[in-house]
């Protein structure tokens with residue numbers, strides 16, 4: 001009798017646990033993909049340069065950045081699930097067409113600049129694998145286009161989740177570098193282990209703000225909102241989506257930790273400076289071995305692919321919502337021509353600039369960061385206003401802590417964007 005009772009209790013426990021797992025998997029995807037896509041090729045470059053220039057102490061910022069990313073993306077996710085509409089759609093309705101046009105124009109220009117950066121990283125990194133740069137750029141653009149136009153929401157989400165697994169390459173690269181793990185992990189709590197000169201502190205402030213600015217972006221807010229809307233998550237599952245948002249934020253900076261450790265343990269220790277992420281893949285080879293460099297380069301190519309798909313989609317989604325046209329990955333090409341056309345034309349324009357233009361990447365980076373610095377505070381102004389609106393959000397509106405904490409976060413992010421631009425100029 002006792003055995004039978006024990007067996008029935010276990011069955012009920014595992015049955016209930018399995019139902020909870022299935023419920024979580026039903027909402028899993030948007031937040032994780034959005035957060036991981038923040039580690040695009042430009043993000044990898046920023047983290048690599050931070051590790052090479054500043055060493056382990058820059059790791060102190062990661063827990064703070066993770067919290068900021070989780071809070072801001074949770075707001076966008078919650079807004080969409082409760083209202084059943086995307087952020088761009090609500091901005092157009094509440095604040096008018098003029099605001100929609102301005103926000104979209106800023107997003108489009110900045111995103112094109114980001115896409116050029118992604119393709120430039122692919123172009124440079126392909127040489128490590130003895131692949132001709134121009135065919136490599138064309139190939140990754142074609143794959144990115146086919147994945148979206150010939151698939152659907154579920155296929156796209158699954159491909160992006162598989163791509164997330166390739167970030168494991170940074171873990172292997174970090175272990176091959178044989179870092180001081182005690183020093184690395186303790187710097188998550190407080191920065192130490194270097195000589196904090198005036199010059200170092202200045203670099204720490206500027207590069208640290210750049211690290212924050214590259215992780216929390218305008219396109220990330222529009223993408224998580226629209227991608228969650230396209231998934232059609234039910235209102236009753238908002239709690240599970242919030243859990244996934246926090247998980248996604250943790251995961252993205254978990255891998256960022258290993259990017260920084262890999263370059264800090266090899267390049268910072270040996271006083272080798274970087275100007276790009278692709279250089280890191282080659283520079284760490286003499287210290288961590290060819291396999292570590294190859295895996296690091298593979299991670300950059302994968303990050304470039306994720307960046308191409310997600311950033312391009314964020315623009316297409318935003319256009320569909322801002323201007324009220326059809327736009328869903330489950331729609332046919334015929335039904336959502338404008339959506340798919342805009343997605344593809346961005347890739348083509350960015351590809352042509354990356355291959356043929358004589359404009360320096362420095363100038364593109366300056367333009368992109370400047371536009372992001374202007375657009376980001378506006379995005380968060382709208383986001384905070386909308387999620388604090390009790391008529392719109394009901395019981396799911398921001399409480400006083402969420403509202404004011406997010407305002408403080410927004411101020412920090414604005415400062416990050418400004419310092420990122422300043423670091424490029426000076």
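Only the coordinates and a few stated rules stand behind these numbers; no lab work does. The structure presented is a predicted model; accordingly, all values stated were derived computationally and were not measured. As a convention, Cβ positions derive from the backbone with ideal geometry for all residues, glycine included, and neighbour counts pool all protein chains shown.
I'd like the FRET efficiency for residue 64 and residue 185, computed as 1/(1 + (r/R0)^6) with the beta carbon distance as r and R0 of 22 Å, rounded to 0.05. Efficiency for this residue pair is about 0.85.
By the count of neighbouring beta-carbon atoms within 10 Å, fewest first, 85, 150, 202 end up ordered 150, 202, 85.
Sequence-distant contacts, meaning Cα pairs under 8 Å at least 6 residues apart, place the relative contact order of the stretch 129-262 at 57 percent. The label point for residue 330 and the one for residue 391, both projected 7 Å from the Cα toward the Cβ, are 3.1 nm apart. Put simply, the convex hull of the Cα atoms in the stretch 87-229 casts, on average, a shadow of 13.3 nm². Which FRET efficiency value, to the nearest 0.05, is calculated for residue 102 and residue 199 with the Förster distance at 51 angstrom and r the Cβ-Cβ distance? Result of the calculation: an efficiency of 0.80.
Cα centroids of the stretch 179-235 and the stretch 108-138: 24 Å apart. Neighbour counts of other Cβ atoms within 10 Å put 181, 247, 219 in the fewest-to-most order 181, 247, 219. On the basis of the beta-carbon distance and an R0 of 51 Å, residue 407 and residue 152 show a calculated FRET efficiency of 0.85. Would you mind checking the stretch 119-138 for residues with the amide N under 14 Å from a putative spin-label position 7 Å along Cα→C-beta of residue 290? Taking a point 7 Å out along Cα→Cβ of residue 290, the residues of the stretch 119-138 whose backbone N falls under 14 Å are 128-130. Ordering 223-234, 129-140, 301-312 by mean Cβ neighbour count within 10 Å, with the highest value first, yields 301-312, 223-234, 129-140.
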